[in-house]
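The values are calculated or read from the model by the stated rules, or taken from the named source; none is laboratory data. None of these values were measured; they are calculated from a predicted model. Counting neighbours? That spans all protein chains shown, and the Cβs are built from the backbone with ideal geometry, glycine included.
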Amino acid sequence: MYKYIIRRILVFIPMLFALSVIVFALAKAAPGDPFTTMLDPNVDREVFEERKEALGLNDPVPVQYARWIGSAVQGDFGESIVYNGRPVMDLIQARFWNTIYLGLVALFFTIIVAIPIGIYSARNPYSMLDYAATGFGFIGLAIPNFFFGLLAIYFLSIKLGWFPPQGTVSGSEVSGFQEFVDRMHHMILPGITLGLASTATYMRYMRSEVLDVLGSDYIRTAKAKGMTDHNVLYKHTLRNALIPIITLMGFEFGVLVGGAVITERVFNYPGLGTLFLDAIINRDYPIVMALTLIFGVFILVGNLLADIFYSIVDPRIRYD
Amino acid sequence: MEIETLKTPNTNPEYSEQEGKSKSPYQLALRRFMKNKLAVIGVITMVIIIVMSFSAPLLTDHNPTQTNMLMIEQPPSSEHILGTDGSGRDNWARLLYGSRVSLVVGFSAMFFTLIIGVILGSLSGYYKGFVDSLIMRATDLVLALPFLVLALTVMSLVENITVTLFVTIIALVSWPTLTRIIRGSFLSLREQEFVLGAKAIGASDMRIVFRHMIPNAIGPIVVNATLMVAIMIIAEAGLSFIGMGIPQPQPTWGNMLNEALSVRILRHHWYTWIPPGVCILVTVLAINFIGDGLRDAFDPKSNQR
């Protein structure tokens, strides 16, 4: 097991390097150089070339890459082209936590809905609620999250007025606990929208995992010894049934980040998703590079943790 | 005393009395598929949607790209069943013609991905070793970025997005999943006796892969290819929705929904954005039903618990 973990970490390092090369190459492949668009067209050709030289845009590509990655690991991603040359890191920091909170709300919603319903469905298969949950699962996986978000805004915000349709706060006059409540109120709809597809997936997994474990021999043995259903569920079944779910969560980063791009646009939510989308539309490559690199690192770390976790909790898996 | 010859009844439920012989695996799969109600509903729905999209000119007289500045944002009427959009184009016509683009993108992107997936997956699973680890590390890398983020980044590199270019980009971004699935089934198939047998009689690698291994891996390939159409349709809709997909004036379900980003349209003109959304939902649902039905049909064990 330790051998596996060490080997897994050793694979992780070249992956990080390859990821950064790809991000850099994508930005290099962009038509024109970002610098040209920043410049006044009346500026002398010579001055332009001088500036270009000073910024290092004439250096060989590997040198440029080394410079970029060198400052990137220190948290310096250069300056944004569109936002008046503000440092990319400031822009990201201003929105980073909004997206993290949104992701947490989505994850919270996923867990409190998917796991109990999944367990119930598995213990009462073919009951009314099981059918309802299956139907919900089908729809949750088939509905595009932006359409669900639009429907939620239309019916729950506009028609019924239960939730604010967009943004993160209503105003600046609230503070303290009220501000927290207000923020949560704003995050419920985007959170549910972001978590919907995962909720449907986890529910299906949970149902089939619990059904699987409940049918195994050691559960029958436990029941034969006279263990109560409650204990069988909590002491034996869930321990094993939850393993794939927790592993799945390691891969949740990618789902959440991808979903956040569209969900945040629907709700006009100022997070990394909208920042990324605006940067793509404006071809603001310093921001695009920084965000793709950050997203990629998050996902790679998530996968790494999931694999390590899996190898620790499930000794049945053998690695050779 | 006469002893009646005991005729043992064939206990195999898939044994057919009339023909007196067992059916081929494909026939058995088809029979199991037809017994699955949801899957049959899915097929019927898809047939209706495809027929409607092909017969669009018969179902509407309006041109989906014809703007009319005098008829902007009209409510539904007998002339315009679903009203008109912000440029005076008929929504019903856009919905019908839009289905063509959405379906074409969905199916051709799947097909493109399938070709890449079959080639790389079989190379990887059949030869193992260096080729395998190279291809697998490449899938790891592509999977390290969320589909949407990678697709958007590549999309931003090109100036004018056409349908062909769009399909190419999303296929280039989504091949790893299918590649891994095909590799997985090839890894287990290559250890089986019939592959060994084929090798022993000197069959070429091409022949082993195409005549022996792919037909045996057809179940997972078909199931995942089917589900991939749904994923592609959602991807097209999502990208067009945020304005980075198929550009106007060509109608698609995704870019019809794009109008709902305006709060005014969202609030007052439900007939502009709810119908395309429902169309996407119904299509994807139908494809998922078919995919699940195919999975149960090819692999009866998956449904037994």
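For region A:239-253, which residues satisfy the criterion of being assigned to a helix (DSSP H, G or I) and either at the interface with chain B (Cβ under 9 Å from one of its Cβ atoms) or hydrophobic (A, V, I, L, M, F, W, C) (or both)? A:Ala241, A:Leu242, A:Ile243, A:Ile245, A:Ile246, A:Leu248, A:Met249, A:Phe253 - these are the residues of region A:239-253 that are assigned to a helix (DSSP H, G or I) and either at the interface with chain B (Cβ under 9 Å from one of its Cβ atoms) or hydrophobic (A, V, I, L, M, F, W, C) (or both).
Residues considered: A:Leu238, A:Leu248. Of these, the only one that is within 21 Å of A:Asn303 (Cα to Cα), surrounded by fewer than 19 Cβ atoms within 10 Å (Cβ to Cβ) and out of contact with any Lys or Arg (no Cβ under 8 Å at 6 or more places or on another chain) is A:Leu248. B:Ala225 passes all but one of (1) more than 9 Å from every other protein chain (Cβ to nearest Cβ); (2) among the small types (Gly, Ala, Ser); (3) buried (at least 24 other Cβ atoms within 10 Å of the Cβ); (4) part of a helix (DSSP H, G or I); which number fails? It is condition (3) that B:Ala225 fails. All conditions in (1) of a type outside the set (Ser, Thr, Tyr); (2) at pLDDT 80 or above; (3) more than 27 Å from B:Trp253 (Cβ to Cβ) hold for B:Glu2, with the sole exception of (2).
Determine, yes or no, whether B:Trp253 is touching a residue at least 60 places away in the same chain (Cβ under 8 Å) and either farther than 28 Å from A:Gly135 by Cα or within 11 Å of chain A (Cβ to nearest Cβ) (or both). Answer is yes for this residue. Would you pick out the residues in region B:107-131 that are of a type in the set (Val, Ile, Thr), closer than 25 Å to B:Glu236 by Cα and surrounded by fewer than 19 Cβ atoms within 10 Å (Cβ to Cβ)? Residues satisfying the conditions are B:Ile115, B:Ile116, B:Ile119. With the structure loaded, tell me whether A:Gly250 is small (Gly, Ala, Ser) and either free of Cβ contacts under 8 Å to residues at least 24 places away in the same chain or more than 23 Å from A:Ala18 (Cβ to Cβ) (or both) or whether it fails that test. Answer is no for this residue.
The residues in region A:254-308 that are small (Gly, Ala, Ser), part of a helix (DSSP H, G or I) and more than 17 Å from B:Leu150 (Cα to Cα) can be counted, and the count is 2. Taking region A:186-238 as the range and being within 30 Å of A:Phe163 (Cα to Cα), more than 14 Å from chain B (Cβ to nearest Cβ) and aliphatic (A, V, I, L, M) as the test, the residues that pass are A:Met187, A:Ile188, A:Ile192, A:Met203. Can you name the residue in region A:93-144 that is polar (S, T, N, Q) and closer than 16 Å to A:Ser198 by Cβ and is also surrounded by the fewest Cβ atoms within 10 Å (Cβ to Cβ) among such residues? Top of the filtered list is A:Thr99. Checked against (1) more than 14 Å from chain A (Cβ to nearest Cβ); (2) part of a helix (DSSP H, G or I); (3) in contact with a Phe, Trp or Tyr (Cβ under 8 Å, 6 or more places away or on another chain), B:Ile246 passes all but a single condition, namely (2). Just one of the numbered conditions (1) without any contact (Cβ under 8 Å) to a residue 40 or more places away in the chain; (2) away from every other protein chain (no Cβ under 11 Å) is not true of B:Ile181: (1). Here B:Ile280 meets the list (1) facing chain A (nearest Cβ under 7 Å); (2) without any contact (Cβ under 8 Å) to a residue 60 or more places away in the chain almost entirely, failing just condition (2). Would a scan of region A:281-296 turn up a residue that is more than 26 Å from A:Ala30 (Cα to Cα) and of a type in the set (Lys, Arg)? No, there is no match, as no residue in region A:281-296 is more than 26 Å from A:Ala30 (Cα to Cα) and of a type in the set (Lys, Arg).
For region A:54-86, residues that are at pLDDT 75 or above, exposed (fewer than 15 other Cβ atoms within 10 Å of the Cβ) and outside any helix (DSSP H, G or I) total 6. In the set (1) in a helix (DSSP H, G or I); (2) more than 14 Å from chain A (Cβ to nearest Cβ); (3) surrounded by fewer than 21 Cβ atoms within 10 Å (Cβ to Cβ), the condition left unmet by B:Leu141 is number (2).
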